[in-house]
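Peer 1: My structure is below; once you've seen it, I'll send some questions.
The values are calculated or read from the model by the stated rules, or taken from the named source; none is laboratory data. Predicted, not measured: the structure shown is a model, and the values here were computed from it. When we count neighbours, we look across all protein chains shown, and the Cβ atoms used for this are built from the backbone with ideal geometry, even at glycine. Just the protein is used for accessible areas: all its heavy atoms, side chains included, with ligands, DNA and RNA removed. Shrake-Rupley method; radii C 1.70, N 1.55, O 1.52, S 1.80 Å.
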Amino acid sequence: MPKIAVLGSGTGSNFQALLGEFGDEIALVVSDQPDAGILGKAEAAGISTVVEEGGHDLSARILKHLEGIDLICLAGFMRLVKDPLLSAFPNLILNIHPSLLPKYPGKAAWEQALADEAEMTGCTVHYVDAGVDTGEVIMQEEVAILSDDTSETLHARIQLAEHRIYPEAVRLVLGKIRGGA
Ligand code: GAR
(Lines give C-alpha, C1' and ligand atoms only; values in the text may rest on other atoms or scores of the structure.)
Protein backbone atom coordinates (compact mmCIF):
# COMPACT_ATOMS: atom_id res chain seq x y z
CA MET A 1 0.00 0.00 0.00
CA PRO A 2 1.48 3.42 -0.96
CA LYS A 3 2.42 5.56 2.03
CA ILE A 4 1.59 9.28 2.11
CA ALA A 5 3.21 12.11 4.09
CA VAL A 6 1.19 15.31 4.53
CA LEU A 7 3.06 18.61 5.06
CA GLY A 8 1.12 21.54 6.53
CA SER A 9 1.57 24.81 8.39
CA GLY A 10 -2.03 25.61 9.32
CA THR A 11 -5.32 24.35 10.64
CA GLY A 12 -5.27 21.12 8.67
CA SER A 13 -8.75 21.07 7.14
CA ASN A 14 -7.35 19.66 3.89
CA PHE A 15 -5.44 17.05 5.88
CA GLN A 16 -8.75 16.13 7.53
CA ALA A 17 -10.40 15.79 4.11
CA LEU A 18 -7.58 13.50 2.93
CA LEU A 19 -7.74 11.51 6.13
CA GLY A 20 -11.40 10.69 5.44
CA GLU A 21 -10.37 8.72 2.37
CA PHE A 22 -6.71 7.80 2.93
CA GLY A 23 -6.59 7.02 6.63
CA ASP A 24 -4.71 3.77 5.94
CA GLU A 25 -2.18 5.38 3.62
CA ILE A 26 -1.27 8.55 5.56
CA ALA A 27 1.76 7.57 7.64
CA LEU A 28 3.21 10.91 8.70
CA VAL A 29 2.35 14.59 9.16
CA VAL A 30 5.16 17.16 9.03
CA SER A 31 4.78 20.79 10.07
CA ASP A 32 7.13 23.77 10.23
CA GLN A 33 4.88 25.37 12.89
CA PRO A 34 4.98 23.79 16.37
CA ASP A 35 1.49 25.14 17.18
CA ALA A 36 -0.21 24.23 13.90
CA GLY A 37 -3.69 22.77 14.20
CA ILE A 38 -2.77 20.05 11.71
CA LEU A 39 -0.52 18.46 14.37
CA GLY A 40 -3.34 18.09 16.89
CA LYS A 41 -5.63 16.64 14.21
CA ALA A 42 -2.94 14.10 13.25
CA GLU A 43 -2.27 13.11 16.85
CA ALA A 44 -6.02 12.66 17.44
CA ALA A 45 -6.04 10.29 14.46
CA GLY A 46 -3.03 8.34 15.79
CA ILE A 47 -0.72 9.49 12.98
CA SER A 48 2.96 10.20 13.66
CA THR A 49 3.98 13.85 13.58
CA VAL A 50 7.25 15.69 13.11
CA VAL A 51 8.06 19.39 13.51
CA GLU A 52 10.88 20.88 11.46
CA GLU A 53 11.01 24.65 11.77
CA GLY A 54 12.19 26.88 8.91
CA GLY A 55 15.79 27.43 7.87
CA HIS A 56 17.89 27.10 4.75
CA ASP A 57 18.19 23.30 5.10
CA LEU A 58 14.49 22.67 5.82
CA SER A 59 13.93 20.48 2.74
CA ALA A 60 16.95 18.32 3.64
CA ARG A 61 15.77 17.93 7.25
CA ILE A 62 12.26 16.97 6.14
CA LEU A 63 13.62 14.44 3.65
CA LYS A 64 15.34 12.54 6.46
CA HIS A 65 11.91 11.64 7.90
CA LEU A 66 10.47 10.33 4.65
CA GLU A 67 11.96 6.87 4.32
CA GLY A 68 9.27 4.51 3.00
CA ILE A 69 7.02 7.39 1.85
CA ASP A 70 5.71 7.17 -1.73
CA LEU A 71 3.72 10.39 -2.12
CA ILE A 72 3.84 13.83 -0.46
CA CYS A 73 0.74 16.01 -0.15
CA LEU A 74 1.25 19.67 0.73
CA ALA A 75 -1.84 20.85 2.61
CA GLY A 76 -1.42 24.50 3.53
CA PHE A 77 2.38 24.16 3.71
CA MET A 78 3.61 27.75 3.49
CA ARG A 79 7.25 27.02 2.61
CA LEU A 80 8.95 26.40 -0.70
CA VAL A 81 9.89 22.77 -1.30
CA LYS A 82 13.44 22.66 -2.61
CA ASP A 83 16.18 20.14 -3.36
CA PRO A 84 17.08 17.59 -2.13
CA LEU A 85 13.41 16.91 -1.24
CA LEU A 86 12.12 17.98 -4.65
CA SER A 87 14.37 15.72 -6.70
CA ALA A 88 13.88 12.77 -4.31
CA PHE A 89 10.14 12.77 -5.19
CA PRO A 90 9.86 13.52 -8.93
CA ASN A 91 6.17 14.13 -9.81
CA LEU A 92 5.33 12.71 -6.39
CA ILE A 93 4.65 15.98 -4.52
CA LEU A 94 1.15 17.49 -4.81
CA ASN A 95 -0.14 20.85 -3.61
CA ILE A 96 -3.58 22.38 -3.12
CA HIS A 97 -3.78 26.08 -3.97
CA PRO A 98 -6.74 28.43 -3.42
CA SER A 99 -7.07 29.85 -6.96
CA LEU A 100 -7.42 28.73 -10.54
CA LEU A 101 -3.72 28.63 -11.36
CA PRO A 102 -1.91 30.17 -13.19
CA LYS A 103 -4.00 33.05 -11.76
CA TYR A 104 -3.09 34.33 -8.30
CA PRO A 105 -0.06 32.26 -7.26
CA GLY A 106 1.54 32.89 -3.86
CA LYS A 107 -0.03 33.91 -0.59
CA ALA A 108 -3.71 34.71 0.19
CA ALA A 109 -4.82 33.97 -3.37
CA TRP A 110 -8.50 34.57 -2.52
CA GLU A 111 -7.62 38.13 -1.43
CA GLN A 112 -5.78 38.65 -4.71
CA ALA A 113 -8.97 37.56 -6.54
CA LEU A 114 -11.12 39.98 -4.48
CA ALA A 115 -8.67 42.85 -5.06
CA ASP A 116 -8.79 42.05 -8.79
CA GLU A 117 -12.63 42.31 -8.71
CA ALA A 118 -12.73 38.91 -10.42
CA GLU A 119 -16.09 37.15 -10.86
CA MET A 120 -14.64 33.66 -10.64
CA THR A 121 -11.86 31.98 -8.76
CA GLY A 122 -11.46 28.45 -7.40
CA CYS A 123 -8.81 25.98 -6.38
CA THR A 124 -6.18 23.83 -8.02
CA VAL A 125 -4.36 20.60 -7.23
CA HIS A 126 -1.02 20.55 -9.03
CA TYR A 127 2.32 18.81 -9.08
CA VAL A 128 5.03 20.74 -7.25
CA ASP A 129 8.06 21.92 -9.20
CA ALA A 130 10.82 24.41 -8.36
CA GLY A 131 8.61 27.45 -9.05
CA VAL A 132 5.96 29.09 -6.88
CA ASP A 133 2.67 27.33 -7.76
CA THR A 134 3.84 26.65 -11.33
CA GLY A 135 3.70 22.83 -11.58
CA GLU A 136 1.41 20.87 -13.90
CA VAL A 137 -2.28 21.15 -13.03
CA ILE A 138 -4.02 17.90 -12.04
CA MET A 139 -7.51 19.14 -11.13
CA GLN A 140 -9.42 22.40 -10.63
CA GLU A 141 -12.81 23.49 -9.36
CA GLU A 142 -14.36 26.89 -10.01
CA VAL A 143 -15.88 28.99 -7.22
CA ALA A 144 -18.01 32.02 -8.11
CA ILE A 145 -17.23 35.26 -6.25
CA LEU A 146 -20.40 36.81 -4.81
CA SER A 147 -20.95 40.57 -4.60
CA ASP A 148 -21.08 40.46 -0.79
CA ASP A 149 -18.10 38.11 -0.33
CA THR A 150 -15.53 38.99 2.29
CA SER A 151 -12.09 37.49 2.53
CA GLU A 152 -13.45 35.00 5.10
CA THR A 153 -16.61 33.92 3.23
CA LEU A 154 -14.76 33.48 -0.05
CA HIS A 155 -11.90 31.50 1.47
CA ALA A 156 -14.40 29.30 3.34
CA ARG A 157 -16.24 28.48 0.07
CA ILE A 158 -12.95 27.80 -1.74
CA GLN A 159 -11.97 25.45 1.07
CA LEU A 160 -15.18 23.43 0.60
CA ALA A 161 -14.12 22.96 -3.03
CA GLU A 162 -10.57 22.09 -1.93
CA HIS A 163 -11.91 19.35 0.31
CA ARG A 164 -13.74 17.85 -2.70
CA ILE A 165 -10.96 17.92 -5.30
CA TYR A 166 -7.90 17.13 -3.17
CA PRO A 167 -9.01 13.57 -2.26
CA GLU A 168 -10.16 13.05 -5.85
CA ALA A 169 -6.80 14.17 -7.26
CA VAL A 170 -4.86 12.02 -4.79
CA ARG A 171 -6.98 9.01 -5.82
CA LEU A 172 -6.05 9.71 -9.45
CA VAL A 173 -2.33 9.98 -8.71
CA LEU A 174 -2.32 6.89 -6.46
CA GLY A 175 -3.99 4.99 -9.33
CA LYS A 176 -1.10 6.03 -11.59
CA ILE A 177 1.47 4.99 -8.96
CA ARG A 178 -0.21 1.61 -8.46
CA GLY A 179 -0.48 1.14 -12.22
CA GLY A 180 3.21 1.99 -12.63
CA ALA A 181 2.39 4.90 -14.97
C1 GAR B 1 -5.78 26.20 2.07
O2 GAR B 1 -6.79 27.07 1.66
C3 GAR B 1 -4.73 26.02 1.00
O4 GAR B 1 -5.26 26.09 -0.28
C5 GAR B 1 -3.84 27.20 1.29
O6 GAR B 1 -3.75 27.24 2.70
C7 GAR B 1 -4.98 26.80 3.24
C8 GAR B 1 -4.67 25.76 4.32
O9 GAR B 1 -5.83 25.41 5.00
N10 GAR B 1 -2.56 27.01 0.68
C11 GAR B 1 -1.88 27.97 0.07
O12 GAR B 1 -2.26 29.13 0.03
C13 GAR B 1 -0.57 27.53 -0.56
N14 GAR B 1 -0.04 28.54 -1.42
P15 GAR B 1 -5.90 24.06 5.87
O16 GAR B 1 -4.71 24.09 6.83
O17 GAR B 1 -7.20 24.18 6.61
O18 GAR B 1 -5.85 22.89 4.94
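Peer 1: How many percent of DSSP beta bridges within the chain run antiparallel, rounded to 5?
Peer 2: Just about 40 percent of them are antiparallel.
Peer 1: Return the carbon/sulfur percentage of the accessible area of the chain, one whole number, probe 1.4 Å, all protein chains in place.
Peer 2: Numbers: 4510 of 8730 Å².
The nonpolar share, carbon plus sulfur, comes to 52 percent.
Peer 1: Sticking with this structure for a sec: For residue 134 and residue 53, what does the FRET efficiency come to when R0 = 30 Å and r is the distance between their Cβ atoms, rounded to the nearest 0.05?
Peer 2: Working: r = 26 Å, r/R0 = 0.85.
E(calc), rounded to 0.05, equals 0.70.
Peer 1: Can you tell me how segment 55-127 classifies by the Cα gyration tensor, rounded, prolate or oblate, using a/c under 1.5 as the rounded cut?
Peer 2: Judged from the Cα gyration tensor, segment 55-127 comes out prolate (a/c at least 1.5, a/b above b/c).
Peer 1: So if R0 is 25 Å, what FRET efficiency would residue 177 and residue 83 give, r being the distance between their Cβ atoms, rounded to the nearest 0.05?
Peer 2: About 0.70, to the nearest 0.05.
Peer 1: Continuing with this model, one more query. Take the alpha carbon gyration tensor of segment 26-70, find the square roots of its eigenvalues, order them as a ≥ b ≥ c, and report rounded if a/c is under 1.5; if not, report prolate when a/b exceeds b/c, else oblate.
Peer 2: Because a/c hits 1.5 or more and a/b fails to exceed b/c, segment 26-70 counts as oblate.
Peer 1: In square angstrom, what is the accessible area per residue of the chain with a 1.4 angstrom probe? The partial results should precede the final answer.
Peer 2: Working: 8730 Å² over 181 residues.
Per residue, the chain has 48 Å² of solvent-accessible surface.
Peer 1: Further question: So what J values fall out for segment 131-143 if you push phi through Karplus, 6.51 cos²θ - 1.76 cosθ + 1.60 with θ = phi - 60°, rounded to Hz, Gly and Pro as x?
Peer 2: Couplings: x, 8, 6, 10, x, 4, 6, 9, 7, 9, 9, 7, 9 Hz.
Peer 1: When a/c reaches 1.5 or more, the comparison of a/b and b/c decides; with that in mind, is segment 123-181 rounded, prolate or oblate per its Cα gyration tensor?
Peer 2: Note, shape of segment 123-181 comes out prolate.
Peer 1: Same structure again: Per the helix-only calculation at 222 nm, which mean residue ellipticity applies to the chain, given -39500 (n - 2.57) for every DSSP H run of n ≥ 4 and division by its residues, nearest 500 deg cm²/dmol?
Peer 2: -10500 deg cm²/dmol
Peer 1: Compute for the chain: radius of gyration divided by Kirkwood radius, i.e. Rg/Rh, restricted to C-alpha atoms, rounded to two decimals.
Peer 2: 0.95
Peer 1: Return one number: the angle in degrees, 0 to 90 and rounded to the nearest 10, between the long axis of the Cα atoms of helix 13-22 and the longest principal axis of the Cα atoms of the chain.
Peer 2: The two axes meet at around 50 degrees.
Peer 1: Hey, another quick one. Lysine pairs in segment 33-135 8 or more apart or on different chains: how many have alpha carbons under 23 angstrom apart?
Peer 2: Lysine pairs satisfying the spacing and distance rule in segment 33-135 number 4.
Peer 1: Here is a further query. Compute the long axis of helix 151-178 from its Cα atoms, compare it with the longest principal axis of the Cα atoms of the chain, and write down the angle in degrees, 0 to 90, nearest 10.
Peer 2: Relative to the chain, helix 151-178 is tipped by roughly 40 degrees.
Peer 1: Rank 88, 135, 44 by how far each Cα sits towards the positive end of the charge dipole of the chain (+1 on Lys, Arg Cβ; -1 on Asp, Glu Cβ) and give me just the farthest.
Peer 2: 88
Peer 1: Order 14-24, 122-132 from most to least packed using the mean count of other Cβ atoms within 10 Å. Write out the running numbers ahead of the final one.
Peer 2: Values: 14-24: 17.9, 122-132: 19.6.
Highest mean packing first, the order is 122-132, 14-24.
Peer 1: Let me ask something else about it. Highest mean first, how do 91-99, 41-49 rank when packing is the count of other Cβ atoms within 10 Å averaged over residues?
Peer 2: Answer by packing, highest mean first, reads 91-99, 41-49.
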